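Read through the structure below, which is laid out as structure tokens, and then see the notes.
The values are calculated or read from the model by the stated rules, or taken from the named source; none is laboratory data. A quick note: this is a predicted structure, and the numbers were derived from the prediction, not measured. Backbone-built Cβ (ideal geometry, glycine too); neighbour counts: all protein chains shown. Heads up: the accessible areas ignore ligands, DNA and RNA and are worked out on the full protein's heavy atoms, side chains in. Shrake-Rupley method; radii C 1.70, N 1.55, O 1.52, S 1.80 Å.
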Amino acid sequence: APRLVVDWPPPALWPLVKLGALLGLAYVSGLALHIAFTGGTFLGEILSGCILGPRVWDIVPHTEMLILLGNLAKFIMVFERGLQVNPALLLKVGGPAIGLYMVL
């Protein structure tokens, strides 16, 4: 009987497969670090991006779109963390904390 050979995924879908691998690994590693250290999930997501990125395994390409999305994510993360800062508490702890608050 003849065998049907199918190349899957087609070459046009490889960028989506790689992006899916990045997002899946980021989600799983973020949850693993959250469970292990009871902290935020963003550290695992950043680490998986470093591992799958062009510096280590080069699975996810270094494209302008991913750079733009990464910068947007950093902006949103810093903005969200800034919303959680309590200025009244910073005034209680003194000058060094206010200086650090102004720098960050």
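Tabulated results
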read-out	value
Angle in degrees between helix 14-37 and the longest Cα principal axis of the chain, rounded to the nearest 10	40 degrees
Modelled FRET efficiency - R0 35 Å, L100 with I67, Cβ distances, 0.05 increments	0.75
Percent carbon-and-sulfur accessible area, the chain, ignoring ligands, DNA and RNA, probe 1.4 Å	73 percent
Probe 1.4 Å, protein heavy atoms only - accessible area per residue of the range 9-72 in square angstrom	72 Å²
Charge dipole of the chain about the Cα centre (unit charges at C-beta), most positive-ward option of L68, C50, F79	F79
Scaled radius of gyration (Cα, divided by 2.2 N^0.38 Å) that the chain gives	1.59
Relative contact order (%) - the chain, alpha-carbon pairs under 8 angstrom, separation at least six	15 percent
Virtual spin-label span in nm between V5 and R55, 7 Å along Cα→Cβ	4.0 nm
Chain lengthening between V28 and I76 when straightened (0.36 nm per residue, less Cα-Cα)	15.2 nm
Theoretical gain in end-to-end length, A88 to L16 [0.36 nm per residue, Cα-Cα removed]	21.3 nm
For the chain, calculated [θ]222 nm from helices alone, where every DSSP H run of n ≥ 4 adds -39500 (n - 2.57)	-22000 deg cm²/dmol
Enclosed volume per residue, in Å³, of the convex hull spanned by Cα atoms of the range 26-87	94 Å³
Computed magnitude of the charge dipole of the chain (debye, nearest 20; Cβ of K, R +1, Cβ of D, E -1)	180 debye
